[in-house]
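Asks: This is the structure I want to talk about, given as structure tokens.
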Amino acid sequence: MRPYLRAANVTWDGLALDDVKEMNFSPAEVATFRLTPGDILLAEASGSASEVGKPAVWRGEIADCCFQNTLLRVRTRHVRSHYLLWFFKWLALSGQFARGARGVGIHHLGAKALSDWTVPVAPVDEQERIIGRIEELFSRLDAGQAALRSALDRVGRMREAFLDEVVMGRVPPGHDPAAAAVSNKEELPPLPPGWRCLTLDEVRESDRPIVYGIIKPGPHVADGVPYVRVTEMKDGVIDPTTLRRAETGRARLFERASLRSGDILISKDGTIGRVAVVPPGLDGANITQHLVRLSVRREFNRDFIVSALRSPWSQRWLSRETRGVALQGVNVGDFRRLPLPIPPRHTQDRLQQMIEAAMTDISAGEAAVIQGIRRVSSLQLSVLTAAFSGKLVDQDPNDEPASDLLKRILTARAASNGQSQYTRRTRTPVTR
């Protein structure tokens, strides 16, 4: 039994060695598949084309470690390992490996395709300069990207904090917490005077109960009844173009969950607490058993109810009510007793205007940060493109020509009887 690396151990940030498996290797296999410091490992296949060829370098972190057939190994004694590592990262990030991969569901790079890949070989001294310059620039870009990701996280927390403040009645300024009426329903915090604590069941229309939808909708039927799944609810919007359709008779069994424009849908299983409003044009559609439908009475501002449902308070409450093992969820009965802080109608309208204005500004800031993160990724790719087209560092006429290096590589290859260092572990070890 020996430790071995597999595709899961190779990440864009290097090797993840917190979960290294073991299996039996024969002495002959050990001789072929043992890793040595400087070996480069690449993901041979992936369901995502952009992950094919993702590389990392082995530094000898684990004694007598081997590798499995989900990885390709590249070993070189004449070209700097880190030079090839950055070259492979460029091929992976720029999509060249993806375009060279074969397969449909699973994209394979393959040892043969990798062996035939053309490598721009710089003089050894220039390789060192290229490595140093790439690492210097990437260090700066990584720091900038980390700062942007931290800012993105803060924007998300800002959105949640603002929503919580408004929905719980701590905005506008001037509210005196000491004058708040203490709520004793479901541990809801103290609310401002004039506010009420109502359950979800108390804000619904009297003739439209909170219900779930179709159980096991069956195969898609072109002329059937459209139904909404959790996957169609993204950022509060339902994409009607992706809806599947259930057989009409099947849908009639759950006609109680029939939709109309303006209904609120909430996910109750798996991804719990996702909220969306039914758009015009979906009247008569249905939902799956993983969603519940809420029709709000006219005396309430529907959009404010949606904001309350999205608030950290409601999300925490639903999290506490989650049950189950294989598939976690919240019972419909528990949804019905979800407590919401409800201000007078004119206050609902005013607070919802504040929420929409603030969310617009926060989303604009979030978009700017995301654009910055994408810009960093673009700059990283530009650095690598410049590096392997001879434009990142200055050439030095005193460097040993790359042609001399290539002669040494060919001589070494001839001495090893043409045996390539591109290998992968198969059931019967084969060395190309």
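Asks: If we scan the stretch 154-168, do we find a residue that is more than 30 Å from ASP396 (Cα to Cα), among the small types (Gly, Ala, Ser) and surrounded by fewer than 18 Cβ atoms within 10 Å (Cβ to Cβ)? If you could, list the steps in order and put the result at the bottom.
Replies: Quick first cut of the stretch 154-168, residues more than 30 Å from ASP396 (Cα to Cα) only: 154-168.
Adding the requirement that they be among the small types (Gly, Ala, Ser) leaves 156, 161.
Filter once more, keeping what is surrounded by fewer than 18 Cβ atoms within 10 Å (Cβ to Cβ): 156, 161.
Yes, the stretch 154-168 contains a residue that is more than 30 Å from ASP396 (Cα to Cα), among the small types (Gly, Ala, Ser) and surrounded by fewer than 18 Cβ atoms within 10 Å (Cβ to Cβ).
Asks: Between a residue in the stretch 88-112 that is closer than 18 Å to THR70 by Cβ and any residue that is of a type in the set (Phe, Trp, Tyr) and modelled with pLDDT under 95, which pairs come within a Cβ distance under 7 Å, given they are 6 or more apart or on different chains?
Replies: Sorted first by the residue in the stretch 88-112, then by its partner, the pairs are LEU109/PHE97; ALA111/TYR422.
Asks: Do we find that LEU265 is hydrophobic (A, V, I, L, M, F, W, C), at pLDDT 95 or above, closer than 19 Å to GLN328 by Cβ and in the same structural domain as ASP207 (by TED's automatic domain parsing) in this structure? Lay out the reasoning, then the answer.
Replies: On the way: hydrophobic (A, V, I, L, M, F, W, C): yes; at pLDDT 95 or above: yes; closer than 19 Å to GLN328 by Cβ: yes; in the same structural domain as ASP207 (by TED's automatic domain parsing): yes.
Judged against the criteria, LEU265 is a match.
Asks: Shifting gears a bit: Name the single residue, out of those in the stretch 196-218 being in a loop (DSSP other than H, G, I, E, B) and touching a helix residue (DSSP H, G or I) at 6+ places or on another chain (Cβ under 8 Å), that is surrounded by the most Cβ atoms within 10 Å (Cβ to Cβ).
Replies: Going residue by residue through the stretch 196-218, those that are in a loop (DSSP other than H, G, I, E, B) are 205-210, 213, 215-218.
When the remaining residues are screened for being touching a helix residue (DSSP H, G or I) at 6+ places or on another chain (Cβ under 8 Å), the result is 209-210, 213, 217-218.
Values: PRO209: 16, ILE210: 22, GLY213: 25, PRO217: 23, GLY218: 13.
The qualifying residue surrounded by the most Cβ atoms within 10 Å (Cβ to Cβ) is GLY213.
Asks: Oh, and also: May I ask you to verify whether ALA251 is over 28 Å from the mean Cα position of the chain (by Cα), among the small types (Gly, Ala, Ser), at pLDDT below 95 and surrounded by 13 or more Cβ atoms within 10 Å (Cβ to Cβ)?
Replies: Values: over 28 Å from the mean Cα position of the chain (by Cα): yes; among the small types (Gly, Ala, Ser): yes; at pLDDT below 95: yes; surrounded by 13 or more Cβ atoms within 10 Å (Cβ to Cβ): yes.
Answer is yes for this residue.
Asks: I'm told LEU137 meets every condition in (1) modelled with pLDDT of 95 or more; (2) closer than 30 Å to ALA412 by Cα; (3) of a type in the set (A, V, I, L, M); (4) more than 24 Å from the chain's Cα centre (by Cα) except one. Can you identify the failing condition by its number?
Replies: It is condition (2) that LEU137 fails.
Asks: A further question on this structure: Select from the stretch 345-401 the residues that are among the charged types (D, E, K, R) and part of a loop (DSSP other than H, G, I, E, B) and write down the one among them that is nearest to the chain's Cα centre (by Cα). Reasoning before the result, please.
Replies: Taking the stretch 345-401 and keeping what is among the charged types (D, E, K, R), we get 345, 349-350, 356, 361, 366, 374-375, 391, 394, 396, 399-400.
Pick out the ones that are also part of a loop (DSSP other than H, G, I, E, B) and you get 391, 394, 396, 399-400.
Working: LYS391: 34, ASP394: 39, ASP396: 44, ASP399: 45, GLU400: 46 Å.
So the residue we want is LYS391.
Asks: Does the stretch 165-215 hold any residues that are of a type in the set (Ser, Thr, Tyr) and either modelled with pLDDT of 55 or more or under 30 Å from ARG260 (Cα atoms) (or both), and which are they?
Replies: Residues satisfying the conditions are THR199, SER206, TYR212.
Asks: Go through (1) in contact with a Lys or Arg (Cβ under 6 Å, 6 or more places away or on another chain); (2) surrounded by fewer than 16 Cβ atoms within 10 Å (Cβ to Cβ); (3) not hydrophobic (A, V, I, L, M, F, W, C) one by one and return the number of the condition THR11 breaks.
Replies: THR11 satisfies all of (1) in contact with a Lys or Arg (Cβ under 6 Å, 6 or more places away or on another chain); (2) surrounded by fewer than 16 Cβ atoms within 10 Å (Cβ to Cβ); (3) not hydrophobic (A, V, I, L, M, F, W, C) except (1).
Asks: Is it fair to say VAL79 is under 28 Å from THR411 (Cβ atoms), out of contact with any strand residue (DSSP E or B) (no Cβ under 8 Å at 6 or more places or on another chain) and among the aliphatic types (A, V, I, L, M)?
Replies: yes
Asks: When the residues of the stretch 25-67 are narrowed to those that are in contact with a helix residue (DSSP H, G or I) (Cβ under 8 Å, 6 or more places away or on another chain) and of a type in the set (S, T, N, Q), which ends up nearest to ALA7 (Cα to Cα)?
Replies: Once the filter is applied, the top-ranked residue is SER46.
Asks: Can you find, within the stretch 44-65, the residue that is surrounded by the fewest Cβ atoms within 10 Å (Cβ to Cβ) among those that are closer than 13 Å to THR11 by Cα and within 19 Å of the chain's Cα centre (by Cα)?
Replies: So, considering only residues that are closer than 13 Å to THR11 by Cα and within 19 Å of the chain's Cα centre (by Cα), the one surrounded by the fewest Cβ atoms within 10 Å (Cβ to Cβ) is SER50.
Asks: Here is a list: ARG245, ARG293, ARG260. Which entry is within 33 Å of the chain's Cα centre (by Cα), part of a strand (DSSP E or B) and either assigned by TED's automatic domain parsing to the domain that holds GLN353 or without any contact (Cβ under 8 Å) to a residue 40 or more places away in the chain (or both)?
Replies: Values: ARG293 fails: either assigned by TED's automatic domain parsing to the domain that holds GLN353 or without any contact (Cβ under 8 Å) to a residue 40 or more places away in the chain (or both); ARG260 fails: part of a strand (DSSP E or B).
Of the residues listed, the single one that is within 33 Å of the chain's Cα centre (by Cα), part of a strand (DSSP E or B) and either assigned by TED's automatic domain parsing to the domain that holds GLN353 or without any contact (Cβ under 8 Å) to a residue 40 or more places away in the chain (or both) is ARG245.
Asks: Mind telling me which of the residues TRP313, TRP317 ends up being modelled with pLDDT under 95, of a type in the set (Phe, Trp, Tyr), more than 23 Å from GLY213 (Cα to Cα) and not in a strand (DSSP E or B)?
Replies: On the way: TRP317 fails: more than 23 Å from GLY213 (Cα to Cα).
The conditions single out TRP313.
Asks: Please work out which one of (1) surrounded by fewer than 16 Cβ atoms within 10 Å (Cβ to Cβ); (2) in the same structural domain as LEU392 (by TED's automatic domain parsing) is the condition ILE130 fails and give its number.
Replies: (1)
Asks: Going by what's in this entry, would LEU410 be described as modelled with pLDDT of 95 or more, closer than 24 Å to ASP39 by Cα and either assigned to a helix (DSSP H, G or I) or more than 43 Å from the chain's Cα centre (by Cα) (or both)? Give the steps one after another, and end with the answer.
Replies: Numbers: modelled with pLDDT of 95 or more: no; closer than 24 Å to ASP39 by Cα: yes; either assigned to a helix (DSSP H, G or I) or more than 43 Å from the chain's Cα centre (by Cα) (or both): yes.
When the stated conditions are applied, LEU410 does not pass them.
This table checks each residue for (1) under 30 Å from ARG140 (Cβ atoms); (2) among the β-branched types (Val, Ile, Thr).
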position: ASP283; (1), (2): no, no
position: HIS290; (1), (2): no, no
position: ARG297; (1), (2): no, no
position: ARG316; (1), (2): no, no
position: PHE335; (1), (2): no, no
position: HIS346; (1), (2): no, no
position: ILE362; (1), (2): yes, yes
position: ALA367; (1), (2): yes, no
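Asks: Here's something else I'd like to know. I'm told ARG99 meets every condition in (1) more than 24 Å from LEU405 (Cα to Cα); (2) among the basic types (Lys, Arg); (3) modelled with pLDDT of 95 or more except one. Can you identify the failing condition by its number?
Replies: (3)
Asks: Okay, next question. Considering the stretch 263-289 alone, what residues qualify as being in contact with a Gly (Cβ under 8 Å, 6 or more places away or on another chain) and not in a strand (DSSP E or B)?
Replies: Applying the first criterion (in contact with a Gly (Cβ under 8 Å, 6 or more places away or on another chain)) to the stretch 263-289 yields 266-270, 272, 275-278, 286-289.
Listed by number, the residues that qualify are LYS268, GLY270, ILE272, VAL278, GLN289.
The values are calculated or read from the model by the stated rules, or taken from the named source; none is laboratory data. Nothing here was measured: the structure is a model prediction, and the numbers come from that model. Note: ideal-geometry Cβ built from the backbone for every residue, glycine included; neighbour counts use all protein chains shown.
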